[in-house]
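What follows is calculated from the coordinates using simple rules that are stated; it is not laboratory data. No experiment lies behind these values; they were computed from the predicted model shown. Methodologically, a virtual Cβ is constructed for each residue, glycine included, from the backbone with ideal geometry; neighbour enumeration extends over all protein chains shown.
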Amino acid sequence: MKPTCVLDYNKSMGVVDLVHQHVNVTLVIRKSYKWSKIVIFRVLLHCMLSAHKSMQLRGGKQDFLKFVHDSVTQLLSFAPRLNASTKGLDSVARLTGRNHFPPKRSYQRTGTERTSKSKKCRVCSTRGRRTQKGAAIETTWVCETCPSVPGLCVEARCFRDYHTKFDYS
């Protein structure tokens, strides 16, 4: 015994309600944003949802939040500032992950050859720091979580700067 207007609403607004449910799951839109930013984020999320639905029609099995994360990661990897200082997705991985802990690099044997235990510090070499004799600063600390496994000084706060600052130079 529902009114006909409720039946018409449920019949015709099902897809719109699903879109709002998907878009509202992401916590991108906050109360502190200006209304213009809210509108832009809503439009972008609706476009992302449309792209996600078309990907699912072609056989994709990824959920919406993972799709948004992967899309933004790929878009950021094409940014000109990121490509100049770092390689590919390493620039995004170093800022997004939470499992970055500095282990010491161990010796590696390859046949009869033994590689060095130390690596050049990526932040120090970007900043142009050198030893008193003019050689590059080397360290035994690395970040094994980052794809390129960069060498980073722990004592000089290079490890922290590399994982918290967009432009660490």
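Enumerate the amide H contacts of residue 151 below 5 Å, restricted to partners 5 or more residues apart or on another chain; note that Pro and chain-start residues carry no placed amide H.
Long-range HN contacts for residue 151: 122.
How about residue 37: which lysines have a C-alpha closer than 28 Å to its C-alpha, ignoring those fewer than 8 places off in the same chain?
Cα-Cα hits under 28 Å: 53, 66, 165.
Using label points projected 7 Å from each Cα along Cα→Cβ, tell me how many nm separate residue 56 and residue 118, to one decimal.
Each label point lies 7 Å from its Cα, and together they span 5.4 nm.
Can you give the FRET efficiency for residue 140 and residue 71, using 1/(1 + (r/R0)^6), R0 = 41 Å, r = Cβ-Cβ distance, to the nearest 0.05? List each step's numbers first, then the result.
Values: r = 37 Å, r/R0 = 0.91.
E between residue 140 and residue 71, to the nearest 0.05, is 0.65.
Taking N as the number of residues in region 118-169, what value does Rg over Cα atoms divided by 2.2 N^0.38 Å take?
Scaled against compact globular proteins, the figure is 1.05.
Given 0.36 nm per residue, what is the gain on full extension from residue 156 to residue 169 after removing their alpha carbon distance, in nm? Before the final figure, lay out each step's value.
Values: separation 13, 0.36 × 13 = 4.68 nm, distance 1.35 nm.
Extending this stretch completely gives an extra 3.3 nm.
Checking the cross-link filter: which lysines have an alpha carbon closer than 17 Å to that of residue 117, excluding same-chain neighbours under 8 positions apart?
104
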